[in-house]
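The values are calculated or read from the model by the stated rules, or taken from the named source; none is laboratory data. Treat the numbers as computed from the prediction; the structure is a model and nothing was measured. In this analysis, Cβ positions are derived from the backbone assuming ideal geometry, glycine residues included, and neighbour counts consider all displayed protein chains. All accessible areas refer to the heavy atoms of the entire protein, side chains included, with ligands and DNA or RNA removed. Shrake-Rupley method; radii C 1.70, N 1.55, O 1.52, S 1.80 Å.
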Amino acid sequence: MLDECSCLKAASQESRGDKRRRELVSAAYRLIEEKGFEGLRVRDVAAAAGVNIATLHYYFPDKEDLIRGVIEHIVQEFISDNAPIVHNTQMSAADQLQAVIANLENRVRDHAGMCVVLNEITSRAHRDASIHETLLEMEAGWRAHLSALIAAGHADGSIPPSTDAAGTASILTAMIRGLIIQAVYRLDKPDFQTIAKLVRDWIGGMRK
């Protein structure tokens with residue numbers, strides 16, 4: 001009985017810890033969106049989450065750890081969005097690729113702050129080796145996921161075997177990065193939805 005109580009207590013503490021981490025990451029996310037990376041102060045994050053600075057440092061020893069938490073949060077949002085697609089055995093790999101871009105389009109439309117936050121962090125990366133390394137890991141994960149989908153397309157016949165998986169994944173990753181930048185700055189005359197459609201059409205053209 002004692003062991004069972006101890007396990008329940010540990011699970012409860014872990015749950016509270018996860019909740020606190022999410023609250024701190026969410027507070028940092030909102031502050032980056034509102035004030036930019038340069039305006040991010042850990043004391044402001046602690047205050048926004050309703051905790052003291054010592055509690056924040058317990059979960060995130062330094063600012064870089066907190067930023068990594070924000071990046072991981074963004075990655076998890078993408079994973080959650082695309083999980084139904086990845087596990088849909090009725091969709092061809094080419095259709096899955098198009099759906100991934102459509103999901104990105106929807107997220108940018110409905111959660112434009114994500115692009116602002118990611119752009120702020122990316123701008124900081126060239127001056128911060130730790131953040132740069134975390135972003136490299138994120139990019140590598142994206143390329144690996146896209147490359148695996150293209151390889152699956154070779155297997156199911158929806159993407160020609162002549163389509164280079166690694167090279168095409170790198171192009172798509174660069175396109176996604178460009179879409180996010182365009183969504184933030186509106187640098188190009190076509191709107192984001194138009195560009196996203198062009199990317200989806202390009203993927204569709206792989207079938208031919």
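Quick notes on this one:
- Computed over the stretch 1-153, relative contact order equals 24 percent, with contacts defined as Cα pairs under 8 Å that lie 6+ residues apart.
- Enclosed volume per residue, in Å³, of the convex hull spanned by Cα atoms of the stretch 94-164: 85
- Segment LEU198-ARG30, length gained on full extension (0.36 nm per residue, minus Cα span): 57.4 nm
- Value of [θ]222 nm, deg cm²/dmol, for the chain, DSSP H segments ≥ 4, -39500 (n - 2.57) each, nearest 500: -27500 deg cm²/dmol
- About its Cα centre, the dipole of the stretch 22-100 is roughly 220 debye, where the only charges are +1 on Lys and Arg Cβ and -1 on Asp and Glu Cβ.
- Taking the 1.4 Å solvent-accessible surface of the chain as the whole, the part contributed by carbon and sulfur is 54%.
- FRET efficiency, ALA155 to SER123 (Cβ-Cβ, R0 41 Å, nearest 0.05): 0.55
- Residue-level accessible surface for VAL42, protein heavy atoms, 1.4 Å, Å²: 30
- Label-point separation, GLU139 to GLU23 (7 Å along Cα→Cβ), nm: 3.6
- With N counted as the residues of the chain, its alpha-carbon radius of gyration over 2.2 N^0.38 Å works out to 1.19.
- Based on protein heavy atoms only, the chain ends up with 55 Å² per residue of surface accessible to a 1.4 Å probe.
- Quarter of Cα convex hull surface for the stretch 25-123, i.e. mean projection, nm²: 7.2
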